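Bear in mind that the values in this text are calculations on the coordinates, not laboratory data. Here the structure is a predicted model, which is why all the values come from computation and not from measurement. Don't worry about glycine lacking a Cβ; one is built from the backbone with ideal geometry, like all the others, and counts go over all protein chains shown.
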Amino acid sequence: MTGRREHQVAVGQAVLPVELTPDAITLLRFGAVTRNAHRIHYDTGFARSEGLDGPVVMAQLHGCLFYRAAAEFAGESGQVREVEWQNRAPACAGDRLVVTGTVRSVDAVGGEVTLDLLERCGSGDVVCCRGRAVVVLR
Amino acid sequence: MVTSTVLEQVEERARASLGTWERRSLGVVRAEDAAEFARAAGERAPHLVDPARADFAVHPMYVVSLLRGAPGADAAEFRPDGMYRDEVPGTDGLDVRLMAGGQDVRWVGEVRAGDLIELRRALTAVERKGVGEGFLLLTMEKVYGAARGPLVEVTERFIVR
């Protein structure tokens, strides 16, 4: 998508999906590198005692997927200015996470493009995060 | 005598801390650590996962995902659930369930390897949500900066049940 410019982007245009299936190993690695020892992310018994189905994906890992979707849309010469997401339902280790989206608005003067983003998890159609991103295209 | 619930205790404590800014050092950003973060997040973009590249960049989500800088924390700094005692205001020592509610991350500068990162944060809103006792939604403003100024602004929400 290198070379994309805001005048080539239309409201409603799709954001190419990005996906990740974080397993228990992924969660352990991500928790270690971020120094996140919250037991809901690796201790199955504890996670269930909290009412969860099992160890759950960290909020920041969801954020990384939202960021990647925005960055790939912006392309190598573009820039991600903002990423926002709200957690709607927990995603468990082993769930396939897919972020999709559409262009909400285009500011032809400032060059900013706002994307609506949605993350679905698991084999069903559960929405685990909703959010948006603002990118600048060059 | 009225006995307050645990959630009421959290709410009272949290409201008392509203608007109080605190500082925390996250240490110096190392390229290797940022690359390890990117790989753990499933990133494949070469400029984010290979610190030997000339165009290597610190993953923009790296510092905002760090709960602590090196060398980490002492055992006494953790709650029984593994979260840091001071991470979610008002919850230290109380048997409550903590969940992330979401974030709004706004980049105003570029985090670079070698940056000494300081986090400033303040609780800015305490809301009771849901029916019955419901849950608390805590909103926190965070600013990550280095010597040259602010780099990332974050609005973060915590759910306390």
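Here are the numbers for this structure:
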{"quantity": "10 Å Cβ neighbours from other chains, averaged over peptide B:137-145", "calculated": "0"}
{"quantity": "Computed label-point distance, nm, for sites B:L116 and A:T102 using a 7 Å Cα→Cβ extension", "calculated": "4.9"}
{"quantity": "Estimated dipole of the protein assembly as shown in Debye, rounded to 20 [Cβ of Lys and Arg +1, of Asp and Glu -1, Cα centre]", "calculated": "260"}
{"quantity": "Sequence of B:E141, B:E12 once ranked by neighbouring C-beta atoms within 10 Å, starting from the fewest", "calculated": "B:E12, B:E141"}
{"quantity": "B:T155 versus B:T5: modelled label distance in nm, points set 7 Å from Cα along the beta carbon direction", "calculated": "2.7"}
{"quantity": "For A:R88, residues with placed amide H under 5 Å, excluding near neighbours", "calculated": "A:C129, A:R130"}
{"quantity": "Shielding by partners, peptide A:25-38 (average Cβ within 10 angstrom, other chains)", "calculated": "6"}
{"quantity": "Residue mean of other protein chain beta carbons inside 10 Å, B:53-64", "calculated": "3"}
{"quantity": "Vicinal HN-Hα couplings computed from phi for region A:79-85 (Karplus, 6.51 cos²θ - 1.76 cosθ + 1.60; Hz; Gly/Pro x)", "calculated": "8, 8, 9, 7, 9, 10, 8"}
{"quantity": "Alpha-carbon centroids, region A:93-116 and region B:39-103: separation in whole Å", "calculated": "24"}
{"quantity": "Range of Cα positions in the protein assembly as shown per principal axis (Å), largest first", "calculated": "68, 42, 38"}
{"quantity": "Using a Förster distance of 25 Å, the FRET efficiency for A:R130-B:L94 (Cβ separation, nearest 0.05)", "calculated": "0.25"}
{"quantity": "Kirkwood-based Rg to Rh ratio, region B:61-161, C-alpha trace", "calculated": "1.00"}
{"quantity": "Least to most buried among B:K142, B:K129 (fewest other Cβ within 10 Å first)", "calculated": "B:K129, B:K142"}
{"quantity": "Footprinting exposure proxy for A:E84, B:E133 (fewest neighbouring C-beta atoms within 10 Å first)", "calculated": "B:E133, A:E84"}
